[in-house]
Amino acid sequence: MCGIVGFLRKSGADHQPLGEVLLAMLQSLACRGPDSAGVALYGIPQPHRLVAQVKLGDNGNHSQRARDIETIALKFGAQDLSQKGSYLRFTFGENGDLRPLISAIESVSGNVEVVSVGRRLEILKQVGSPSRLEQSFGISGFRGEHGIGHTRLSTESAVDLSHSQPFWGHGYPDLAIVHNGHITNYHQLRRRYQERGVRFYTENDSEIVAIYLAEKLTQGLRLRAALESMVDELDGSFSCLVATETALGFVKDAFSFKPLLYTETASFVAVATEEIAMRGAFPGDYIVREAQAKEVQVWQRSTQPGAVLAKSTLRSES
């Protein structure tokens, strides 16, 4: 089952309530994923600074772990440290290689994980319904321009914060994915990455999507090309939404078993597993389209305020 949603506001008005929109969309899909809910929110950046969200663990001793992580983070120039539930948030100077910071923080405990790092990106996840996500973090008040979300029904792996979505492309700032479906060559790909020293945090096959895309983007591929390569190299049936600092996109596999619909108006783009998620959040008259097999769509924000360039590809069935 699972439900995925995405939203991009074309106006570029960062002060508007992005979190409220994503929450409304997720609540419409709560029945598709009662096990957990999460969002990847893209807010207002601070010049030359990154924001980190760190999961302190799935239970117990959060205060002590937070103190230990704060001590480490301060050595890396952390500022604005704050704890909310099982998450520690802080900002730090942008200096290139994230690996020393991530390694130092995650050495505190096997339960500690750097959930996201980015100029705009903040990932927040919670076991249970979207309503519980709101109760824990107050995401409805988050201001920004685009984001993605997920409601999860676990079919194989554990129900906890780490296995919940969205997933961050670890080490690649501002990359987040949500996924509905199954990657059937997951174990083969996982062994290949592990032989190269890539760390996996879960047994969730969706994690491989984030790792795969992070590698492709690091190699210099544009987002659309990276999503197109997924159709050729990842087996299975899937619908996947991806966000970066400046873009929102999706890809559907060749079988098109997993539903995905989208709309684009003069003021926004919205994508969701079911049309009800859009109709509930956006009243008015607009056309909703069903994504086709092998379809890739990417909406890239321009550097000019308020401008969005839509780029799309509908791949042939060859």
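The values are calculated or read from the model by the stated rules, or taken from the named source; none is laboratory data. For clarity, every value in this text was computed on a predicted model and none was experimentally measured. Heads up, the Cβs are rebuilt from the backbone with ideal geometry, glycines too, and the neighbour counts pull from every protein chain shown.
A few remarks follow.
- Taken as a whole, the range 52-60 holds no residue that is assigned by TED's automatic domain parsing to the domain that holds SER206, among the hydrophobic types (A, V, I, L, M, F, W, C) and either in contact with a strand residue (DSSP E or B) (Cβ under 6 Å, 6 or more places away or on another chain) or within 30 Å of ILE276 (Cβ to Cβ) (or both).
- Residue match in the range 161-183 (condition: farther than 30 Å from ASP232 by Cβ and of a type in the set (Val, Ile, Thr)): no
- Of the residues GLY197, GLY118, GLY141, the single one that is surrounded by fewer than 15 Cβ atoms within 10 Å (Cβ to Cβ) and touching a residue at least 40 places away in the same chain (Cβ under 8 Å) is GLY141.
- Verdict on PRO130 being surrounded by fewer than 19 Cβ atoms within 10 Å (Cβ to Cβ) and either in contact (Cβ under 8 Å) with a residue 40 or more places away in the chain or farther than 30 Å from ALA30 by Cβ (or both): no
- Test: residue in the range 131-152 that is on the phi < 0 side of the Ramachandran plot, of a type in the set (A, V, I, L, M) and in a loop (DSSP other than H, G, I, E, B): no
Here's the yes/no breakdown for (1) in the same structural domain as ILE276 (by TED's automatic domain parsing); (2) under 12 Å from TYR172 (Cβ atoms); (3) at pLDDT below 95:
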position: ASN204; (1), (2), (3): yes, no, yes
position: ALA210; (1), (2), (3): yes, yes, no
position: ALA214; (1), (2), (3): yes, yes, no
position: THR218; (1), (2), (3): yes, yes, no
position: MET230; (1), (2), (3): yes, no, no
position: GLU233; (1), (2), (3): yes, no, no
position: GLY236; (1), (2), (3): yes, no, yes
position: SER256; (1), (2), (3): yes, no, yes
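- Residue check, SER36 touching a residue at least 40 places away in the same chain (Cβ under 8 Å), assigned by TED's automatic domain parsing to the domain that holds GLU145, buried (at least 24 other Cβ atoms within 10 Å of the Cβ) and among the polar types (S, T, N, Q): yes
- Applying a threshold of 7 Å to beta carbon distances and a minimum spacing of six or more residues, or different chains, the list of pairs starting in the range 88-104 at a residue that is among the acidic types (Asp, Glu) and ending at one that is modelled with pLDDT under 95 reads GLU94/HIS48.
- Residue check, LEU241 in contact (Cβ under 8 Å) with a residue 24 or more places away in the chain, assigned by TED's automatic domain parsing to the domain that holds GLY181, touching a strand residue (DSSP E or B) at 6+ places or on another chain (Cβ under 6 Å) and not β-branched (Val, Ile, Thr): yes
- When THR71 is tested against (1) part of a loop (DSSP other than H, G, I, E, B); (2) at pLDDT 95 or above; (3) β-branched (Val, Ile, Thr), just one condition goes unmet, and that condition is (1).
- Remark: ARG65 matches the filter, which requires a residue to be free of Cβ contacts under 8 Å to residues at least 60 places away in the same chain, basic (Lys, Arg), farther than 24 Å from TYR172 by Cα and not assigned by TED's automatic domain parsing to the domain that holds LEU29.
- Tally, over the range 19-68, of residues that are assigned to a loop (DSSP other than H, G, I, E, B), touching a Leu at 6+ places or on another chain (Cβ under 9 Å) and of a type in the set (A, V, I, L, M, F, W, C): 1
- Of all residues in the range 3-42 being over 21 Å from ARG132 (Cβ atoms) and among the aliphatic types (A, V, I, L, M), the one that is modelled with the highest pLDDT: LEU8
- Pair list, Cβ < 7 Å and 6+ apart or interchain, from the range 168-189 residues that are in the same structural domain as GLN219 (by TED's automatic domain parsing) to residues that are modelled with pLDDT under 95 and basic (Lys, Arg): GLY171/ARG99; ASN180/LYS258; GLY181/LYS258
- Residue, surrounded by the fewest Cβ atoms within 10 Å (Cβ to Cβ), within the range 269-278, restricted to residues that are touching a Ser or Thr at 6+ places or on another chain (Cβ under 8 Å) and over 12 Å from ASN180 (Cβ atoms): ILE276
- For SER86, the conditions (1) modelled with pLDDT under 95; (2) under 21 Å from LYS125 (Cα atoms); (3) surrounded by fewer than 18 Cβ atoms within 10 Å (Cβ to Cβ) are fulfilled apart from (3).
- Single residue of the range 268-313 satisfying the filter (aromatic (Phe, Trp, Tyr) and assigned to a strand (DSSP E or B)) that is modelled with the highest pLDDT: TRP299
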